[in-house]
Amino acid sequence: MVKSLARNENMATKQVRGKYTLEFKLETVRLVKGGQSAAVTAKVLGVPKANVSNWVRLSDAGKLSGAGDRPVTPEQMEVARLRAELARMTMERDIAKKAAAYFAQDLLHGTPGFRK
């Protein structure tokens with residue numbers, strides 16, 4: 001009984017490899033080559049950073065391939081495009097939020113009677 005319980009716990013922690021379409025990989029590579037860091041792109045898209053780095057390297061070598069030989073549906077292409085757009089918008093929002101906090105703090109320091 002103890003052995004089977006331990007085995008079940010190991011199975012629960014085992015990760016399953018993700019399968020990504022070629023379009024998803026290409027869009028991810030485009031984001032990284034567009035100036036977004038691999039770490040940020042990986043975090044936003046929910047992909048391991050090592051995968052993103054490998055995809056960029058393989059893309060530069062011309063050896064990037066997708067999961068399987070199935071054709072990609074227009075819906076899958078749209079989802080990949082929307083995920084990339086969401087990643088860009090999330091990054092822009094975070095930058096704007098940090099800038100607003102910085103300028104608000106700077107504005108407060110110039111206010112008479114402000115104590116910290």
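So for each of 37-47, 20-30, 73-83 I average, over its residues, the number of other beta carbons within 10 Å; can you give me the resulting order with the highest mean first?
Output ranking for 37-47, 20-30, 73-83: 20-30, 37-47, 73-83.
Going by a ≥ b ≥ c, the root eigenvalues of the Cα gyration tensor, does the stretch 19-109 fall in the rounded group (a/c under 1.5), the prolate group (a/b larger than b/c) or the oblate group? It would help to have the intermediate numbers written out before the result.
Values: a/c = 3.65, a/b = 2.19, b/c = 1.66.
The shape class here is prolate.
Given the Cα-Cα distance of Asp106 and Ala61 and 0.36 nm per residue of separation, how much length would full extension add, in nm? Walk me through the numbers on the way to the answer.
Working: separation 45, 0.36 × 45 = 16.20 nm, distance 4.72 nm.
My answer for the length gained is 11.5 nm.
Residue by residue through the stretch 92-100, what is 3J(HN,Hα) from phi via Karplus (6.51 cos²θ - 1.76 cosθ + 1.60, θ = phi - 60°)? Round to whole Hz and write x for glycine and proline.
Ordered by residue, 3J(HN,Hα) equals 5, 4, 5, 5, 5, 5, 5, 5, 4 Hz.
List, in the order given, every pair from Lys19/Lys63; Lys19/Lys43; Lys25/Lys98; Lys33/Lys63; Lys25/Lys49; Lys43/Lys97 whose Cα-Cα distance in the structure shown is over 22 Å.
As for pairs spanning more than 22 Å Cα to Cα, those are Lys25/Lys98.
Please compute the length gained on full extension between Arg93 and Arg30, using 0.36 nm multiplied by the number of residues separating them and subtracting their Cα-Cα distance.
On the way: separation 63, 0.36 × 63 = 22.68 nm, distance 1.98 nm.
The Arg93-Arg30 span can extend by a further 20.7 nm.
All of the numbers you see were taken from the coordinates with simple rules; none came from a lab. Computed from a predicted model, the values in this text were never measured in an experiment. Here the Cβ is made from the backbone with ideal geometry for all residues, glycine too, and neighbour counts use every protein chain on show.
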